[in-house]
Amino acid sequence: MTMLVHLIDERSAASVKRSGLRGGDCTIHASGKAVSLLDAVYAMPVLPNFFASHQWLRELKRRGMRSIAAAYFRQRADTLVWVGKYNAEHRLVPLGHAAGLIMREPDPRGWQLVLPHSIPAKAIHAIRSIPQVIGWRFYPESHDKAPWKCLCEFCIRSASGEPKARAHLRRIASEPSVNADDYDNPLLISSLQRPVRRKATTRKRRADRDEA
């Protein structure tokens, strides 16, 4: 049996214990064509590398989950699963082989398993709280390359509201490789010039109240 982990919204923990993991629709690419799955569950094998096993946490939080828990479950090693990087071709192989592929991968970021069926409650081993700062956002190399590939209006809008967004924009705009024409983008200019909003500290609010 191989231990796997699926990240869930912490609020659904009781439901998962009671009913298991319900699959959903997804599309993956295999052999040069799109493959549609109607009852898919994403997962990662439980590896010695804790980061690799739980790497999708920050990306899931960016998509709307506020607090995430880990649902651990077991499957037979000969269960057929899809394995590959999220943006690349997937292969249908036995689970034991798929887990070995990810374990031997020098950089396992972005890899995933896709099980083509729901997981029954009896297969759930445990549901545990995990640190909420694991993993990457946008894409696996984003920490090195920043979340935005360019300064076009679409990329700037997609970054709006992200932590330290304006600091990233300033840094990218100052790079020699950036085309000077990018500075004509009104949205970029407003993003760089917008003043930082800071909440008044308790001491400042107290001083203002005393003066009044």
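Overview of results
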read-out	value
Per-region count, region 47-80, residues part of a strand (DSSP E or B) and of a type in the set (S, T, N, Q)	1
Elements of type helices (runs of 4 or more DSSP H) in region 81-169, at least 1 residues being modelled with pLDDT under 85 and among the basic types (Lys, Arg)	142-145, 153-159
Considering residues of region 26-58 that are under 14 Å from the mean Cα position of the chain (by Cα) and hydrophobic (A, V, I, L, M, F, W, C) only, the residue surrounded by the most Cβ atoms within 10 Å (Cβ to Cβ)	Ala43
Residues satisfying the stated conditions in region 1-30, i.e. of a type in the set (Lys, Arg) and closer than 19 Å to Arg63 by Cβ	Arg11, Arg22
Flag if Lys61 is surrounded by 14 or more Cβ atoms within 10 Å (Cβ to Cβ) and either farther than 13 Å from Leu115 by Cβ or assigned by TED's automatic domain parsing to the domain that holds His125 (or both)	yes
Residue pairs meeting the criteria (Cβ under 9 Å; at least 6 apart or on separate chains; first farther than 17 Å from Ser53 by Cβ, in region 1-26; second of a type in the set (Lys, Arg))	Asp9/Arg66; Glu10/Arg66; Arg11/Arg66; Ser15/Arg22; Val16/Arg22; Gly20/Lys122
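Residue-wise test of (1) without any contact (Cβ under 8 Å) to a residue 40 or more places away in the chain; (2) exposed (fewer than 13 other Cβ atoms within 10 Å of the Cβ); (3) out of contact with any Gly (no Cβ under 8 Å at 6 or more places or on another chain).
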residue: Lys85; (1), (2), (3): yes, no, no
residue: Leu92; (1), (2), (3): no, no, yes
residue: Ala99; (1), (2), (3): no, no, yes
residue: Pro106; (1), (2), (3): yes, yes, yes
residue: Leu115; (1), (2), (3): no, no, no
residue: Ala126; (1), (2), (3): no, yes, yes
residue: Gly135; (1), (2), (3): no, no, yes
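The values are calculated or read from the model by the stated rules, or taken from the named source; none is laboratory data. From a predicted model like this one, the values you see are computed outputs, not experimental measurements. Every residue, glycine as well, gets a Cβ built from its backbone with ideal geometry; the counts of neighbours run over all protein chains shown.
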